[in-house]
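Report on the structure given below.
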Amino acid sequence: MVKNTKYEWDQSFAVADPHMALAEVREQLEEHRFVVVAGEPVFVIQSHERQLIALGDGAVPAADWLAQAGWLPSATVAAGAELPSNLDWRRPVLVQEGQEPKGILTAEHQIGQLMEENRRTAAYFYTLADTINDSVTAVDEAGNVVCWNTAAEETYKIAKEYILGNKIGTHFSDEAVVLHRILQEGRPVRGEYHRPNQDTHVLINASPIIIHNQIIGGVAVEHNITNIIRLNEELDSNASLLVPESNPFEAMASSNPKLQEAIKIAQKVAYADIPVHLAGEPGSGKEMLAQAIHYGGTKADGAFVTVNCSVIPPALLEIELFGFQNDSFAADATVQPGRIEQAANGTLFIEEIDKMPLSIQEKLSSYLADHSFYRVGGSEKITSATRIIAAASQSLESLLREGGFHEKLYYHLSVITIEIPPLRARKEDIVPLVKSCVREFSAKYKKPVPDIHAEAMRQLVSYDWPGNVRELRNTIERMMLLHEGALITEKQLPEHMTHAEEQETSGKQAEALEIEEALRKTYGNKSAAASLLGISRGTLYNKIKEYGLS
């Protein structure tokens, strides 16, 4: 038996000349499973047909006797070619390479091979389906469930024996089953938010199964995001108030001229119902300033709601912002208000707006134009007077130039842009921030307010705070939670802060040695040394002066 990439053929055959006597053909059938009587047409005789051959005159040429007996000729196919769908399987099929016979195919063997391939393919498919953590559902063209994996059982609490072979609509309403739409329209779905029942939220990818331009079924893979939804809701409910509702800008007090200017602008726009763009590094205090604008202006009586574009899957983000609605005209319609509605007559603070997909940016831009929108899946136009404050960690102008930000949304947001300098650029604010956080977390954990040793404060001030105000607050909260005593010393500081100065000194020493080595290699030629170090000649002169090198 020989197998190519498409099918197997039997090589136990002999080739007989059409003029060979019938008796000789019968003798060859005793040694081979098949005899091919070549010519036009081709006849293939199987070994179990020897008794039929014996009925004829052994001296008669085989081809003549077969033609007179009405023996059906055999079809021929090229080795390695696709088998035609209209192939006549009433007789064994001859496989040829050019004009040379290579083997025999029979219907019985082909059926067995196809059944084995079907079993193997099904085994791969069902093993893959049960290996995937997401729910996998497959239906036939009538909507009957043919695959329901373990993850689907766990998600929907429906055992396989109760759903396999039944129509999927038995357990879900037609409107809640994306596969019904797939079977009707034949179009795939990618990353679509779906709510098959009241308690379950999923992101779905679904595709029709098509053979010969006919839809014979569909497969859906559903990623359960119910826990993500609940976590977001929990985080929202536990969102901390970073500024006092009365006199909120006091919490932002600063000695830094740039931050003072930013606060002045924020105080003015707090009473203007226009979008605000806050720029600055992560943790620099953008949410604090957003809260100060909200509680210090005309929207103070409304809700302050946040959404972070970097932690919510793109397919879910549109739902989070604009809400969801299905069965718009049904009595039991599902309505899920989005953040814009939740913040009606208040403020929606959008963090990491630079991570928002362009398609959602466009919809947000349309909302800012007339304060109205449509929920996902809904046909009712919703109006909501919500102020938008958006924050970004990278330049929106650069993103716009690169095609990564929607032009109209950029112009909506760029009317008022407030830049918050990083904490390392306003060292004068660190001491009052530390003292404020110590008081805040002492009250939170019901502890006496401790003093801070001068050396500990010096190290806090000298640290660069790459995580900005957020890192400072987290550091102080951890210290207050773990510390017991009336004085905070440098021993209570995180280890990476206490070694920061040592690391800086070590880094400078290494750089000085590197410059000395470059000067030695170039025999004191500063231009050549600068080129070797990959820095400008002016930078090299400054560093030589800084490190006191000759």
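Just so you know, all these numbers are worked out from the coordinates, no wet-lab data involved. Bear in mind that the values here come from a model prediction, so they are computed numbers and not experimental data. Here the Cβ positions follow ideal geometry from the backbone for every residue, glycine too, while neighbour counts run over all protein chains shown.
Proximity of backbone amide H atoms, modeled 1.01 Å from N, is registered between PHE43 and VAL37, SER74 at under 5 Å, excluding neighbours fewer than 5 places apart on the same chain. Here the Karplus curve 6.51 cos²θ - 1.76 cosθ + 1.60, taken at θ = phi - 60°, turns the phi angles of the stretch 20-30 into couplings of 4, 5, 4, 4, 5, 4, 5, 4, 5, 5, 6 Hz, with x standing for Gly and Pro.
Computed from phi, the 3J(HN,Hα) profile of the stretch 121-126 under the Karplus parametrisation 6.51, -1.76, 1.60 (θ = phi - 60°) reads 4, 5, 4, 4, 4, 6 Hz, with x in place of Gly and Pro. Give the distance, in whole Å, between the Cα centre of the stretch 394-442 and the Cα centre of the stretch 36-82. Computed from Cα coordinates, the inter-centre distance equals 88 Å. Residues in the stretch 468-484 carry Karplus couplings, in order, of 6, 4, 4, 5, 4, 4, 5, 5, 5, 4, 5, 4, 5, 5, 8, 7, 10 Hz; the curve used is 6.51 cos²θ - 1.76 cosθ + 1.60 with θ = phi - 60°, and Gly or Pro positions show x. Around the amide H of HIS201, modelled in the peptide plane, lie the amide H atoms of ILE225, THR226, all under 5 Å away and 5 or more residues distant in sequence or on another chain. Rg/Rh for the stretch 423-498 (Cα atoms only, Rh after Kirkwood) is 0.92. Defining a contact as two alpha carbons under 8 Å apart and six or more residues distant in sequence, what relative contact order in percent does the chain show? Here the relative contact order equals 8 percent. Using modelled amide H (1.01 Å from N, peptide plane; none on Pro or chain starts), what sits under 5 Å from the amide H of ALA14, excluding residues fewer than 5 places away? Here PHE34, VAL35, VAL36 satisfy the definition. In the set (1) 24.8; (2) 23.9; (3) 31.5, the label that goes with Kirkwood radius over Cα pairs in Å computed for this structure is (3). With contacts taken as Cα pairs under 8 Å at a separation of at least 6 residues, the stretch 104-183 carries a relative contact order of 21 percent. The residues LEU482, LEU399, LEU540, when put in order of fewest to most other Cβ atoms within 10 Å, stand as LEU482, LEU399, LEU540.
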